Amino acid sequence: METSTLLAEGEPAWGLHEEARSASLVVVGSWHLSKRRGMFSSASVALPLTAHASCPVVVVPEPEHIAQQPAYVVVGVDGSEHAAAAVDVAFEETALRGALLRALYVWHPPLLGVLDEDAAVRECRGVLSETVAGRTAAHPDVELRHEVVRGHPVQVLTEALRLSKAGIDVIETVITPRSGAVGRALGDIRLPEGTVVATIVRDGQPTVPDPAVRLRAGDELLLVSHSATEHEIHAAFQ
């Protein structure tokens, strides 16, 4: 591998931005700045660089520690052209690493709410499916998982990365009208080993996963597991 060095004067973010004009990828570390310093301090490099660089930027906050096997890559999707480009890079990097790919659409409900929350979530799922469509043909070996999650995009994506390092997977499943789980108590469902239900979203509202609660068609369950596959968890509620 051929390497070269350059000693430049000026603000680090500006200097890296200029050098990135002809680069295919930029890799930087992280100072772990507070939110305020990250937004307004001249010490911030990663934030302005990712906002203005003309190529992908990788931020490495610490040495890689992966407990999840196989490891997975997380990509955020919002239907924009920029998100589509991020999905392309995510597929390529996932294929190189032999990992799983989690494509997340993070729906942030408006402050005043929406008239039909279920319709809003279905629309998010449609955007997510359309964005990743066609890319699986180019990368047939990449196992892809689609997830629509409620919350703030920054918080949800950060948590997804934290859980990946802890060896924990987050999987969502929906109870369909034809599911054999309809009408059964949650505690009667035999879950894969190492799996627990974190919450049940019913009529747009998260509820405590009481073992006595009777499952209904349309219930969305969010489960965490350190060993089960998405297929095994879906099968438990069929």
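A DSSP coil position with no more than 15 other Cβ atoms inside 10 Å describes the following trypsin sites (Lys or Arg not before Pro) in the stretch 183-238: 184, 190, 216. For residue 105, the residues 5 or more places off, or on other chains, whose built amide H falls under 5 Å of its own are 77, 147, 148, 149. Per atom type, the chain shows carbon and sulfur on 56% of its accessible surface, probed at 1.4 Å.
Near the amide H of residue 184, within less than 5 Å, lie the amide hydrogens of 215, all on another chain or at least 5 residues away, with H placed in the peptide plane.
Rounded to the nearest 0.05, the FRET efficiency derived from the C-beta distance between residue 234 and residue 55 at R0 = 35 Å is 0.40.
For the chain, the per residue solvent-accessible surface stands at 63 Å², with DNA, RNA and ligands left out and a 1.4 Å probe.
Restricting to the stretch 100-238, compute how many DSSP beta bridges are antiparallel as a %, nearest 5.
So the antiparallel bridges amount to about 65 percent of the total.
Positive end of the dipole of the chain (Cβ unit charges, origin at the Cα centre): among 109, 134, 197, the Cα lying farthest that way belongs to 197. Applying the Karplus relation 6.51 cos²θ - 1.76 cosθ + 1.60 with θ = phi - 60° to the stretch 212-223 yields 3J(HN,Hα) values of 8, 5, 8, 6, 10, 4, x, 4, 10, 10, 10, 10 Hz, where x marks Gly and Pro.
Indicate the helices, whole DSSP H runs only, in the chain that combine a mean Kyte-Doolittle hydropathy of 0.5 or more with a Cα extent along their long axis of 27 angstrom or more.
Result, helices passing both filters: zero.
Just so you know, the averaged projected area of the alpha carbon convex hull for the stretch 189-231 sits at 3.3 nm².
Give, in whole angstrom and from largest to smallest, the semi-axes √(5λ) of the equivalent ellipsoid of the chain, with λ running over the eigenvalues of the Cα gyration tensor.
They are 38, 20, 17 Å, listed from largest to smallest.
If only the Cβ of Lys and Arg carry +1 and only the Cβ of Asp and Glu carry -1, the dipole of the chain around its Cα centre is close to 600 debye. Here the chain carries DSSP beta bridges of which approximately 50% are antiparallel, counting only pairs with both residues inside.
The values are calculated or read from the model by the stated rules, or taken from the named source; none is laboratory data. Note that the structure is a prediction, hence the values are computed from the model and not measured. Cβ atoms come from the backbone with ideal geometry, glycine included; neighbour counts cover every protein chain shown. Side chains are part of the model used for accessible areas, which takes the heavy atoms of the whole protein and leaves out ligands, DNA and RNA. Shrake-Rupley method; radii C 1.70, N 1.55, O 1.52, S 1.80 Å.
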